Amino acid sequence: MIGLIVARSKNNVIGKNGKIPWRIKGEQKQFKKLTTGNVVVMGRKSYEEIGHPLPDRLNIIVSRTAVFEGENLLTASSVEEAVSLAKDKEALRRAHFTPRGEPDIYISGGYGLYKEAVFFVDKMYITEVDTVVEDGTVFFPEFDAEDFDVKTGESGGDEIRFTRTIYTRRVQQKKVGDRELTYRKLTEADLDAFIRMRISQLTEEYASEGREVPKNVDLEAALKDYYNRHLADGTFVSWLALEGERIVGTSGMSFVEKPPYFSCPSGRLGLLSSMFTDPACRRMGIAQDLLNRVVGEARDYGCGAVWITASDMGVKLYTAYGFEHNGNFMQYKI
Ligand SMILES: NC(=O)c1ccc[n+]([C@@H]2O[C@H](COP(=O)([O-])OP(=O)(O)OC[C@H]3O[C@@H](n4cnc5c(N)ncnc54)[C@H](OP(=O)(O)O)[C@@H]3O)[C@@H](O)[C@H]2O)c1
């Protein structure tokens, strides 16, 4: 996932005389949470303002004039190069950076980087700071809000308040060789095709385990009822992969809530389901791309963990992504 993180004032200011023009307790917490273990890409001036690489994440500095290299530190001469460096295993080794699975990339300013990134990032985490900054020197660039779904999150702050917003690009494109894939969220209009795929996937699973599919279950109606209700209240989300008009990959994430516990103070959990890739489209990274998007949805929903009961085929994918086995996972059928 390639994202962008910024905090901007009501009049779109992000910097003033080389500094962020506000100090608000808790405002930077999201930045730390999202970027830790991942990759931050920042312009040379922003890096020099901080003065050192941010710990526990890979820092890629964009500069045409300077070179910064070291532990968790690399330099790129363009935003595009920064993104390819973040995906280059040899470069990650050089910076002694060992991510869990494929790291997310966060473009973190300033203006020159944001100006390019607004056209290609999958997500923008924009913190709207409730202040007007006079004589700002650096601004967040214009972008086409129509291209994004917007979700409003938590508010916080002290004398100056802020509100989190998440902009998710509605249609995300990817090229694999000469094939073009589109990623987008499931809508009500896709439900019939989605349900057909889900039922044939479940039927295949039964067949491969030598079990017979029960004849007296109207799964189509039950699934339709479930998806309609939970798409509407936001407790089910699915990203799809399409080649042309055809759905070639599906994913699903349901959100549930338990009484909060220490390692999950929100009590919110994501239950992963319906991961499927058309056999003709395997080995294109679709499962990983979909997984990444629905795990991102779980993060944005405030989930502390994602659970799955993986098929044998899925174990490799989930392990590579960073899922850990929970040896005691058991169930009791009612
Ligand atoms: N509010 C926020 O969320 C936020 C986030 C980040 C920064 N800021 C603020 O923004 C200000 C800094 O931003 P800024 O725009 O002035 O500087 P910047 O982007 O941090 O750094 C500018 C430098 O980065 C390099 N650069 C930028 N775009 C490039 C590109 N497309 N290709 C190659 N190199 C590129 C160039 O380095 P060389 O000159 O070495 O070639 C350029 O001089 C500060 O006030 C900072 O506090 C605010």
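The values are calculated or read from the model by the stated rules, or taken from the named source; none is laboratory data. Bear in mind that the values here come from a model prediction, so they are computed numbers and not experimental data. All Cβ positions, even for glycine, are placed from backbone atoms using ideal geometry, and neighbour counts span all protein chains on display.
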Original post:
Any idea which of 269, 231, 290 is assigned to a strand (DSSP E or B) and on the phi < 0 side of the Ramachandran plot?
Top reply: 269
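Yes/no matrix, rows are residues, columns are (1) more than 29 Å from residue 317 (Cα to Cα); (2) among the charged types (D, E, K, R):
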residue	(1), (2)
76	yes, no
88	no, yes
93	no, yes
96	no, no
99	no, no
102	no, yes
107	no, no
120	no, no
Subject >> Matching residues in the range 68-85 - criterion: being without any contact (Cβ under 8 Å) to a residue 24 or more places away in the chain, among the small types (Gly, Ala, Ser) and within 11 Å of the ligand (Cβ to nearest atom) >> reply: 77, 78
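If we scan the range 201-214, do we find a residue that is free of Cβ contacts under 8 Å to residues at least 12 places away in the same chain, assigned to a helix (DSSP H, G or I) and among the β-branched types (Val, Ile, Thr)? Before the answer, list the steps.
Within the range 201-214, the subset free of Cβ contacts under 8 Å to residues at least 12 places away in the same chain is 203-204, 206-214.
Checking which are assigned to a helix (DSSP H, G or I) leaves us with 203-204, 206-208.
Within this subset, residues satisfying the condition of being among the β-branched types (Val, Ile, Thr) are 203.
Yes - at least one qualifying residue is present in the range 201-214.
Can you find a residue that is among the aromatic types (Phe, Trp, Tyr), closer than 21 Å to residue 115 by Cα, surrounded by 12 or more Cβ atoms within 10 Å (Cβ to Cβ) and more than 16 Å from the ligand (Cβ to nearest atom) anywhere in the range 147-159?
The answer is yes; a qualifying residue exists.
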Subject >> Within the range 1-26, considering residues that are small (Gly, Ala, Ser) and part of a loop (DSSP other than H, G, I, E, B), the one modelled with the highest pLDDT >> reply: 9
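Residues that are under 20 Å from the mean Cα position of the chain (by Cα) and closer than 18 Å to residue 37 by Cα: does the range 107-119 have at least one?
Filtering the range 107-119 down to residues under 20 Å from the mean Cα position of the chain (by Cα) leaves 107-109, 113-114, 116-119.
Okay, now just the ones that are also closer than 18 Å to residue 37 by Cα, so 107-108.
Looking for residues that are under 20 Å from the mean Cα position of the chain (by Cα) and closer than 18 Å to residue 37 by Cα, one finds at least one in the range 107-119, hence yes.
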Subject >> Positions within the range 160-198 being within 22 Å of residue 252 (Cα to Cα), surrounded by 14 or more Cβ atoms within 10 Å (Cβ to Cβ) and β-branched (Val, Ile, Thr), in sequence order >> reply: 166, 168, 182, 195
**OP:** Confirm whether residue 298 is over 25 Å from residue 203 (Cβ atoms), surrounded by 21 or more Cβ atoms within 10 Å (Cβ to Cβ) and within 19 Å of the chain's Cα centre (by Cα).
**Re:** yes
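Residue by residue, here is whether (1) without any contact (Cβ under 8 Å) to a residue 24 or more places away in the chain; (2) more than 9 Å from the ligand (Cβ to nearest atom); (3) over 24 Å from residue 139 (Cα atoms); (4) outside the structural domain of residue 154 (by TED's automatic domain parsing) holds:
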residue	(1), (2), (3), (4)
24	no, yes, no, no
31	no, no, no, no
37	no, yes, yes, no
51	yes, yes, no, no
59	yes, yes, no, no
66	yes, no, no, no
87	yes, yes, yes, no
96	no, yes, yes, no
102	no, yes, yes, no
Original post:
Are there any pairs, at least 6 apart or on different chains, whose C-beta atoms fall under 9 Å, with the first in the range 176-188 and small (Gly, Ala, Ser) and the second part of a loop (DSSP other than H, G, I, E, B) and surrounded by 15 or more Cβ atoms within 10 Å (Cβ to Cβ), and if so, which?
Top reply: 177/284
**OP:** Output the qualifying pairs, or none if there are none: Cβ atoms under 7 angstrom, residues six or more apart or on different chains, first residue in the range 225-239 and closer than 15 Å to residue 272 by Cβ, second residue part of a loop (DSSP other than H, G, I, E, B).
**Re:** 238/186
